[in-house]
Amino acid sequence: MPSAISEHMNGTHVVPPILRGTVKHDPDFNVRNIMITGGAGFIGSWVVRHLTLTYPQAYHIICYDKLDYCATLNNTKCLDNAHNFSFVFGDITDQAAVLRCIKEYQVDTIMHFAAQSHVDLSFGNSFAFTENNVFGTHKLLEAAVKCNVKKFIHVSTDEVNGENETEEAFTEESLLKPTNPYAASKAAAEMFVNAYSRSYKLPCIIVRSNNVYGPHQYPEKIIPKFSCLLDRGLPLPLHGQGTARRSFLYASDAADAFDTILHKGVPGEVYVVESQDEVGNLDLAHRMLNIFNIAEADHSTWINHVVDRPFNDQRYKMHATKLPALGWQQKVRFEQGLADTVAWYRRWGRHWWKGTDALFKTSLAHPEVGGEGIPGSGMPRTPLIEVQQDRLFAANAAAGTAHVPAPNGKENGGKDIFQDNTESAPQSGFLAPPTPAIMNSIAAETAINLAPAAPELAKRNTRKRARESEEDEGKENQDVSSKRQMLGEDLAAGGDTVR
């Protein structure tokens, strides 16, 4: 499929690679319209691209995303002209919008990737994780039941089991013992999935994967962040002594796993996606310095050991039995996947997300270590969360209208590498926040009369509206950097972020 994604550099027409998985199964004729929440984010966009391009005659893929700071329309831009792809800008916590989407596109299958996933941010403001990961999942499950969705695939994490206290690896049957607010929110979400599976007979599958890495991941996690820092000639902040270890799975292998589970997974099961590549954070830092051709004798000057997390799990070792039995296997080993990932960020990372240059101009390595403003904690609220909360409050105050906050102009640290200059279209038919009447209807548990979508709900206009919101997000990323600098935080306050 020819790509419409390109940019001109030095007079040369350059097209970013279209990255996806490698497997292809016989289509499931009980599946037709697949709603993928968080589909403009990292792992979700890999699955969106893979399913859209691998099964063009079998499935219609609906990418549902609110375009939070870590998502971008660039992740799905290559699908703009695909006849079996649609983008819907919406929030999973907005049940009216979720219901509209499911009804409008006659969704029969949901793959639920949308989540707050940054562990360090969960230490800074855990309430946002409860709101998105628990409450959002609950609302999505409720909508799935109301609309008779036939398959619900919930994306969880290896962190719900806590850290390995012995050499014994976790399995699909291991107890949930989360140790940080992010992991707790994902464990709580799993409980809701299990409850709806049992109480309402909703066909649910839970997937727990090791750390996924690769191109398209927002540069707040350890591999993309270290890539972007080194590309700018900046040192690497490392949590503590860098002893924590993680098992890394390349994104194409993750996409293959979700494809396999979609087609062969059994409702009611939990599937572990295991990587054989366990790497320590300090070792990872040295490997990346080698990729950037920095002499080993100079490595110590490029690594800054900074304050660790309040609690940092040392490892998440897992052993999968069910997924390999379905035919899935890890194909990309870490040495090759890391080299390919670094090359992608050196080529495309600077401009893929709007406003990310500001993240590396600030003296703070990452924004995550912070408090809730609790008296006596001596720790400020996380600046990024302040911005997100302000935006959420503004959206709630505007409930009943069809508008999101207007863009704050185009002065941002990133650029639109795809130069989308299409004229803005009327947006009255865009999925609006719920009106009081709809909220009352939901509260009364009565049926919602979903009006047919106006012509303005067409894919082009939906993406245009979403891009305006994304431009606003780019400005917010710059605002975050300014707030950090005003707080006078220094490099020692932050470190690497694995997840």
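Bear in mind that the values in this text are calculations on the coordinates, not laboratory data. Owing to the predicted nature of the structure, the values given are computational and were not obtained by experimental measurement. Neighbour counts are summed over all protein chains in view; Cβ atoms, including those assigned to glycine, are modelled from backbone coordinates with ideal geometry.
In the structure displayed, which of LYS103/LYS354; LYS77/LYS186; LYS186/LYS317 lie more than 23 Å apart, Cα to Cα?
Those over the limit are LYS103/LYS354; LYS77/LYS186.
For a quick check: with amide H placed at 1.01 Å from N, whose amide H comes under 5 Å from THR171's, ignoring anything fewer than 5 positions away on the same chain?
Amide H to amide H, under 5 Å and 5 or more residues apart or across chains, THR171 pairs with HIS319.
Can you work out D for segment 75-118 in µm² s⁻¹ from Stokes-Einstein, where Rh is the Kirkwood radius over C-alpha pairs, the temperature is 10 °C and the viscosity is 1.306 mPa s?
Answer from the Stokes-Einstein relation: 130 µm²/s.
If amide hydrogens are placed 1.01 Å from N in the peptide plane, which non-local residues have theirs closer than 5 Å to the one on ALA244?
Close amide H contacts, sequence-distant or interchain: ASN281.
Search the structure for amide H atoms under 5 Å from the amide H of VAL212, placed 1.01 Å from N in the peptide plane, and list their residues when 5 or more places away or on another chain.
Amide H neighbours of VAL212: LEU249.
Peptides 179-186, 83-90, 194-201: what's the order by average Cβ count within 10 Å, highest mean first?
The most tightly packed comes first, giving 179-186, 83-90, 194-201.
Only loop residues by DSSP count here, and only those with at most 10 other Cβ atoms within 10 Å; note down the GluC sites (Glu not before Pro) in segment 51-147 that meet that.
In loop regions of segment 51-147 (DSSP not H, G, I, E or B), there are no sparsely surrounded GluC sites (Glu not before Pro).
Report relative contact order for segment 254-356 in percent, whole number only (criteria: Cα-Cα under 8 Å, sequence separation at least 6).
Rounded, it is 43 percent for segment 254-356.
Take each of the peptides 240-253, 260-273, average the number of other beta-carbon atoms within 10 Å over its residues, and list them starting from the highest.
Answer by packing, highest mean first, reads 240-253, 260-273.
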